[in-house]
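Q: The structure's right below; bear with me while I get my questions together.
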Amino acid sequence: MSWNPDEEEASTGSMVLPKGAYRCLVVEAKQNFKNVNSVGVQVVLQVIEHEPQAGNKYDGRKVFLYFTWDNLNEMAKKIGRRQLADLLFAAGKNGRPYNSATEISEALQDTEVIANLKIVKRSDTGEDKNEAAMFFNLKGQHRGDKQTVKMFPWGGIEEGLGSGRGNGQTSAATSEDGDVPF
């Protein structure tokens, strides 16, 4: 069997997405052992819609996220579970207990969320990477907010809105210059 590389679509590369709101599909969610002391949920989000002024250049791009489910470090476990609770709420999969990272992974598969992404430095290489600052459901609601966030018609989050209440890891309002304040 022969293969012609000229017939393949161009790759999108691994460039970091600009900070902002993206409607995403969870295309992969699986249990992942980060090390012997930590088990979590590895999530791959695929961008399906974003702010119209960006055109469609980010459609299909993927964002790779890791959330701690269990860890010997209680603070890491607490932060990871808060993040997972936010994601499960946004995906409409809250309201029931979960017994394992595998169970959470199965619940998240093929769900849609709005991820408000920020840019942070990787601790190992110092390179930029995306992280989720907040997750919203498709109605514009965040688990820590009592009211719906004003949405753009395409489904994005208008900067600066939302209470910013929450745990400081997954919940933050944008500042006046658009930066996530943490």
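The values are calculated or read from the model by the stated rules, or taken from the named source; none is laboratory data. Please read these numbers as outputs of a predicted model, since none were measured by experiment. When we count neighbours, we look across all protein chains shown, and the Cβ atoms used for this are built from the backbone with ideal geometry, even at glycine.
Q: Would you mind finding the one in K129, K146 that is in contact with a strand residue (DSSP E or B) (Cβ under 9 Å, 6 or more places away or on another chain), outside any helix (DSSP H, G or I) and at pLDDT below 95?
A: Just a single option satisfies the conditions, and that option is K129.
Q: Looking only at the stretch 31-48, filter to residues that are buried (at least 19 other Cβ atoms within 10 Å of the Cβ) and closer than 15 Å to A115 by Cβ; which one of those is modelled with the lowest pLDDT?
A: V47
Q: Okay, moving on. Can you name the condition, by its number, that Y66 falls short on among (1) in contact with a Gly (Cβ under 8 Å, 6 or more places away or on another chain); (2) on the phi > 0 side of the Ramachandran plot?
A: Checking Y66 against (1) in contact with a Gly (Cβ under 8 Å, 6 or more places away or on another chain); (2) on the phi > 0 side of the Ramachandran plot, the one that fails is (2).
Q: Can you name the number of the only condition in (1) loosely packed, with under 15 Cβ neighbours inside 10 Å; (2) of a type outside the set (S, T, Y); (3) modelled with pLDDT under 95 that A76 fails?
A: Exception for A76: condition (1).
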